[in-house]
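The values are calculated or read from the model by the stated rules, or taken from the named source; none is laboratory data. What you are looking at is a predicted structure, and each value in this text was computed from that prediction instead of being measured. Note: ideal-geometry Cβ built from the backbone for every residue, glycine included; neighbour counts use all protein chains shown. Calculation scope for accessible area: heavy atoms of the full protein, side chains included, ligands and nucleic acids excluded. Shrake-Rupley method; radii C 1.70, N 1.55, O 1.52, S 1.80 Å.
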Amino acid sequence: MNDLDLELTRLTCDLIRFETIADRPDQLQAAIDYVATYLANIPKVHLERSSANDKPALVVTLQPTRSPRLMINGHLDVVVGQANQFIPEVRDGRIYGRGSQDMKGSIAVMMRLIRDLAQLPQPPDIGFQFVTDEEIGGRQGTGRLRDEGWRCDFMLCLEPTDLGIMFEHKGGMWAQLRIPGRAAHGSRPWEGDNPIYRLTRGIQTIHERYPPPVGPNDWRTSVTPTEIRVGAGSRNQVPAEALVTFDIRWTADTTPEAIQADLAVAFPDAEFVSVMASAGLRTDPEHPDVERIADIIERHTGQSPRFYREHFATDARYYSHIGVPAICLGPIGAGLHSAEEWVDIASLTTLYHIITDYIDTL
């Protein structure tokens, strides 16, 4: 491996060792501190630390501005894993460990980019956002930074894409409904009002209104019941209420308001306990910056990049929602959120060169 391969491997492995899950604020802070320490002695770098609800963030720019031409975004937080997943392993040209693909390998690329770009005679007008809450929605990280005035002309979110270009993903919505009933002895159902029947009818109505997608290429809104709570723990009691939660992923042909209205029709006597919605990512795949990046990817990989849409959400949506074009572009890997996650080392180096070549065009 060359110097770049070695350092990206070292940085990625160091980052994997931090157990940066949502309920470990000490580890989230330690990971941010690690990045800041790496950058501390680099000249011409402007760092701004901030935090909200124990979710620290770091923004780095190479010019004294809060509106760089390009913003590169990455998250340090990961989903929960076993203890051994936070012990990195390097083999067969891959780095294994929790967050290697999603997305500590990309964070390593960002760190090395800052070091190298800052040493140029005229550093480019680039910014970097390091956040720690993407896996739980990103509201205290990228969403907050946007609301505090951080802007850009174009955003690259270095989520894993196998060096393809993700230009669109669905919006998200979560709704919990309470269906009232009336408790009674299980042997005397006529004295009660069992909400389970209305719960099942409502779920069937939603299933018919929003048939579940049958595969990754079936691009439609999904309204998926994910949690049901009924009864107080007694098997001989008609329950007094039922609670159901829906995970909703909506496409551009509908709105959260329309979906909520459909839920209200399906569950006419239900109360909405909570509703939370977030925008989707939508960027024109023919945007000039996207086309330039696609040409650079093809030059480095020898083939046209895959343009695709995704069903899950990323922090890129916070900027496309306000009209800033944003795409996701990241390294090759597999095992996202699984027991054996890995990232390809060579693709980290390729990602580094793709971004530096793109910056040269700005």
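Under the Karplus relation 6.51 cos²θ - 1.76 cosθ + 1.60, θ = phi - 60°, what is the ordered set of whole-Hz ³J(HN,Hα) values for segment 4-19, x standing for Gly and Pro?
5, 4, 5, 6, 4, 5, 4, 4, 4, 4, 4, 5, 4, 5, 7, 7
Excluding His169 itself, calculate the net charge of residues whose Cβ lies under 14 Å from the Cβ of His169, where each Lys or Arg counts +1 and each Asp or Glu counts -1.
Working: positive: Lys170, Arg220, Arg249, Arg282, Arg309, Arg317; negative: Glu134, Glu159, Glu168, Glu310, Asp315.
Taking every Cβ under 14 Å from that of His169, the sum is +1.
Compare His300, His75, His169 in a GNM of the chain, Cα atoms joined below 10 Å, and give the one with the largest fluctuation.
Highest fluctuation of the listed residues: His300.
Give me the dipole magnitude in Debye, nearest 20, for segment 156-241 about the Cα centre, with unit charges on the beta carbon: positive for Lys and Arg, negative for Asp and Glu. Could you put the intermediate results ahead of the total?
Working: 10 positive and 9 negative charges, 109 e Å.
Approximately 520 debye in magnitude.
Quick check: pseudo-label points 7 Å beyond the Cα along Cα→Cβ at Glu148 and Arg209, how many nm apart are they?
Reported label-point gap for Glu148 and Arg209 is 4.0 nm.
Kindly report the accessible area of segment 1-110 per residue (heavy atoms of protein chains, probe 1.4 Å, no ligands, DNA or RNA), in Å². Each step should come with its number before you reach the end.
Numbers: 4470 Å² over 110 residues.
With the other protein chains kept in place, segment 1-110 gives 41 Å² per residue.
Sketch the reach of a paramagnetic label on Ala252 as a point 7 Å from Cα along Cα-to-Cβ, and name the residues of segment 296-336 whose backbone nitrogen lies under 16 Å away.
Counting backbone N atoms under 16 Å from the label point, the list is 307-311, 317-328.
Return the sequence-ordered ³J(HN,Hα) values of segment 210-216 in whole Hz as given by the Karplus equation 6.51 cos²θ - 1.76 cosθ + 1.60 applied to θ = phi - 60°, using x for Gly and Pro.
3J(HN,Hα) across segment 210-216, in whole Hz: 10, x, x, x, 9, x, x.
With N denoting the number of residues in the chain, provide Rg(C-alpha) divided by 2.2 N^0.38 Å, to two decimal places. Working shown, then result.
Values: Rg = 23.1 Å, N = 362, 2.2 N^0.38 = 20.6 Å.
Ratio of Rg to 2.2 N^0.38 Å for the chain: 1.12.
Please state the charge dipole magnitude for the chain, taken about the Cα centre, from unit charges on C-beta atoms (+1 on K and R, -1 on D and E), reported in debye and rounded to the nearest 20.
Numbers: 35 positive and 50 negative charges, 148 e Å.
The calculation lands at about 720 debye.
Roughly speaking, to the nearest percent, how much of the chain's 1.4 Å accessible area is carbon and sulfur? Write out the running numbers ahead of the final one.
Details: 7820 of 15850 Å².
Carbon and sulfur: 49 percent of the exposed surface of the chain.
Positive end of the dipole of segment 176-233, charges at C-beta (+1 Lys, Arg; -1 Asp, Glu), about the Cα centre: which of Trp190, Thr205, Gly231 has its Cα farthest in that direction?
Towards the positive end, the residue furthest out is Trp190.
Dipole of the chain (Lys/Arg Cβ +1, Asp/Glu Cβ -1, origin at the Cα centre): which of Pro216, Ser347, Thr9 lies farthest to the positive side?
Checking the options against the dipole of the chain, the answer is Pro216.
Just subtract the alpha-carbon distance of Thr245 and Ile322 from 0.36 nm times their residue separation and send over the number in nm, one decimal. Don't skip to the answer; put the middle values down first.
Working: separation 77, 0.36 × 77 = 27.72 nm, distance 2.88 nm.
Taking 0.36 nm per residue and subtracting the Cα distance, the gain is 24.8 nm.
Averaged per residue, what accessible area in Å² does segment 224-362 show with a 1.4 Å probe, protein chains only? Walk me through the numbers before you get to the answer.
Values: 6580 Å² over 139 residues.
Spelled out: the 1.4 Å probe surface of segment 224-362, per residue, equals 47 Å².
To the nearest µm²/s, what D does Stokes-Einstein give for segment 87-187 at 10 °C and 1.306 mPa s, using the Kirkwood radius over alpha carbon pairs as Rh?
Details: Rh = 17.9 Å.
Rounded to a whole number, D works out at 89 µm²/s.
Expressed as an acute angle from 0 to 90° and rounded to the nearest 10, what is the orientation of the C-alpha long axis of helix 25-39 relative to the principal long axis of the chain?
It works out to around 20 degrees.
Which loop-located chymotrypsin sites (Phe, Trp or Tyr not before Pro) does segment 302-337 contain, where loop means any DSSP state but H, G, I, E or B and the Cβ has at most 16 other Cβ atoms within 10 Å? Kindly include the intermediate steps, with their values, before the conclusion.
Working: sites: Phe307, Tyr308, Phe312, Tyr318, Tyr319; in loops: Phe312.
Filter output for segment 302-337: Phe312.
To the nearest 0.05, how large is the calculated FRET efficiency for Arg235 and Asp269 if R₀ is 35 Å and r is the Cβ-Cβ distance?
On the way: r = 25 Å, r/R0 = 0.71.
Given R0 = 35 Å and the Cβ-Cβ separation, E is 0.90.
For Gly330, list long-range residues whose amide hydrogen, built 1.01 Å from N in the peptide plane, is under 5 Å from its own amide hydrogen.
Thr161, Asp162, Leu163, Gly164
With θ taken as phi - 60° and the coefficients 6.51, -1.76 and 1.60, list the Karplus ³J(HN,Hα) couplings across segment 227-243 in order, rounded to whole Hz; mark glycine and proline as x.
Couplings: 8, 10, 10, 9, x, 9, x, 9, 7, 10, 10, 5, x, 7, 6, 9, 10 Hz.
Which is farthest toward the positive dipole end of segment 40-169 among Gln85, Gly164, Ile107, measuring Cα position about the Cα centre, with Cβ charges +1 (Lys, Arg) and -1 (Asp, Glu)?
Checking the options against the dipole of segment 40-169, the answer is Ile107.
If Lys and Arg each add +1 and Asp and Glu each add -1, what is the summed charge of the other residues whose beta carbon sits under 15 Å from the beta carbon of Arg17? Mind showing how you got there, number by number?
Working: positive: Arg10, Arg24, Arg98, Lys104; negative: Asp14, Glu19, Asp26, Asp33, Asp77, Glu89, Glu341.
It works out to a net charge of -3.
Percent of Cα-Cα pairs more than 15 Å apart in segment 256-319, please. The partial results should precede the final answer.
Details: 1388 of 2016 pairs.
Tail of the P(r) past 15 Å holds 69 percent of the pairs.
Around Met103, with a cut-off of 9 angstrom between Cβ atoms, what is the net charge of the other residues, counting Lys and Arg +1 and Asp and Glu -1?
Values: positive: Lys104; negative: Asp102, Glu134, Glu159.
Computed value for this residue: -2.
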